[in-house]
Amino acid sequence: MAGAQFDPEAVRAFEQARWERAAAAYPTTFAGATRPFIEPLLDAARVGCGDRLLDLACGPGFVASAAHARGAEARGMDFSPAMLAVARAREATVRFDQGDAETVPYPDATFDAVVSNFGIHHVPRPLFALREAYRVLRHGGRVAFSFWAEPSENIAWKLVLDAVSRYGDRAASSAPEPGGGFATAGQCASALEAAGFAECATRLVRARWQHRDAQALVDALQAGTARMAAVLEAQQPTAKVAIVANIASCAAHYRNSAGIDLPIAAVIASGVRRRKPADST
């Protein structure tokens, strides 16, 4: 609700409940959108053999698995028991811990790299999470996180959000307002700088997300996301029909023999912990 006081605990409870619900379906739904950005994310953190890596807000652990395949000593952390159960079932060679990204349960200077694939913006206070990443990195260690690019660069999102604006109500969801995410690459870099990181950089990475049709896209978003799922679920039944039809019409340009092949894009932001600790604030 506009003007409502920000409540980090309400945001945390909403996000945790939603990801608990999405965990089982995530690997076969929304993971199709997030997995293409894993290797660029690890490249941004310069993850290699022997590095100690933390996959923050790890979900089902795909990033930790990819880091392990590079020879890193990977560890995953998430606040969702259901997501951790999925991660542990699919990857027995990586340790997965339960914890909150705003209060990471590891000693100072534990890791050579901290990464998060589309996780930081779900934290009630992203700057707290980035400061925790700074704390647990060794001096000279690297952080990297991904965040969805703005809709003009991200056609899958633009199609859905435009359709909801035309035929539904984007404000219908009862989800609490987020504490502060990122709308631009500049905001990602500024947040890293505010957390104490140096050599802050951003990169736009593009990929594709294939679906059978518009309904399959909507189904994947409803099954495998948090806030987008809440928006879609809040629409009236007649509006949902119109939304899917509008997405199908506008996605005609992206149709191929397998369905619709949608451009998606993400910002990958990275930074380095100063070799001398930043001043405490």
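Kindly indicate whether GLY196 is in contact with a Ser or Thr (Cβ under 6 Å, 6 or more places away or on another chain) and not hydroxyl-bearing (Ser, Thr, Tyr). When the stated conditions are applied, GLY196 does not pass them.
Answer yes or no as to whether ASP169 is of a type in the set (D, E, K, R), more than 16 Å from the chain's Cα centre (by Cα) and assigned to a loop (DSSP other than H, G, I, E, B). So ASP169 passes the test. Inspect segment 53-61 for any residue being surrounded by fewer than 24 Cβ atoms within 10 Å (Cβ to Cβ) and either out of contact with any Gly (no Cβ under 9 Å at 6 or more places or on another chain) or assigned to a loop (DSSP other than H, G, I, E, B) (or both) and give the result as yes or no. There is no residue in segment 53-61 that is surrounded by fewer than 24 Cβ atoms within 10 Å (Cβ to Cβ) and either out of contact with any Gly (no Cβ under 9 Å at 6 or more places or on another chain) or assigned to a loop (DSSP other than H, G, I, E, B) (or both). Once segment 209-226 is narrowed to residues that are surrounded by fewer than 16 Cβ atoms within 10 Å (Cβ to Cβ) and not in a helix (DSSP H, G or I), the residue that is nearest to the chain's Cα centre (by Cα) is GLN210.
Counting the residues of segment 22-59 that are free of Cβ contacts under 8 Å to residues at least 60 places away in the same chain and charged (D, E, K, R) gives 3.
Residues that are in contact (Cβ under 8 Å) with a residue 60 or more places away in the chain and among the aliphatic types (A, V, I, L, M) were ranked within segment 78-119; the one that is surrounded by the most Cβ atoms within 10 Å (Cβ to Cβ) is VAL115. Cβ-Cβ contacts under 7 Å between residues 6 or more apart (or on different chains), taken from a first residue in segment 236-251 that is polar (S, T, N, Q) to a second residue that is assigned to a helix (DSSP H, G or I), are listed as ASN246/ALA163; ASN246/ARG166; ASN246/TYR167.
Where a number appears in this text, it was derived from the coordinates with a stated rule and is not lab data. Quick caveat, the model's predicted, so the values are computed rather than measured. Using ideal geometry, Cβ is built from the backbone for each residue, glycine included, and neighbour counts are taken over all protein chains shown.
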